Amino acid sequence: QVPIVESGGGLVQPGGSLRLSCAASGSIFSLYAIGWYRQAPGKQRELVADMSNGGATVYVDDVKGRFTISRDNAKNTVYLQMDSLKPEDTARYYCRATRVGLTFWGQGTQVTVSS
């Protein structure tokens, strides 16, 4: 089907930047809506950013202006550019690919923002 894997997480200082990648196998990745979610210890998993297969985007309020979701269909990859990172952004970030009747989750990549 569409196995996906995230990468690009790490430790950064407040105000720093990271670019997360969500790579998928298969040739139909462009047909899926892709969402980035995050989950911090003791908290619910929340949607951070989402992009439809047509390119429409949605962001959670507290990342608007700081995060940008994009996709490269030729590379079967979706990115989450994260700028001006805050300690509150610390979480494990997950990529989700969704189509009607199908949902795939990646294993997650850890993002830690700390001085």
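Under a cut-off of 23 Å between alpha-carbon atoms, report the lysines in cross-link reach of Lys64, not counting same-chain residues fewer than 8 places apart. Cα-Cα hits under 23 Å: Lys43, Lys86. Taking every DSSP beta bridge that has both ends in the chain, the antiparallel portion is near 95%. If only the Cβ of Lys and Arg carry +1 and only the Cβ of Asp and Glu carry -1, the dipole of the chain around its Cα centre is close to 160 debye. Between Ser30 and Leu47, the simple label model (points 7 Å from Cα in the Cβ direction) yields a spacing of 2.4 nm.
Roughly to the nearest percent, how much of the accessible area of the chain is carbon and sulfur, given a 1.4 Å probe? It is 49 percent, rounded to a whole number.
Cα centroid separation, the stretch 1-41 to the stretch 56-115: 5 Å. Accessible surface area normalised per residue over the stretch 24-73 is 52 Å², counting heavy atoms of protein chains with a 1.4 Å rolling probe.
The values are calculated or read from the model by the stated rules, or taken from the named source; none is laboratory data. The model shown is predicted, which means the values in this text are computed figures rather than measured ones. Positions of Cβ are generated from backbone atoms using ideal geometry, with glycine treated the same way; all protein chains shown enter the neighbour counts. For the accessible areas, the whole protein counts, side chains as well, though only heavy atoms, and no ligand, DNA or RNA atoms are used. Shrake-Rupley method; radii C 1.70, N 1.55, O 1.52, S 1.80 Å.
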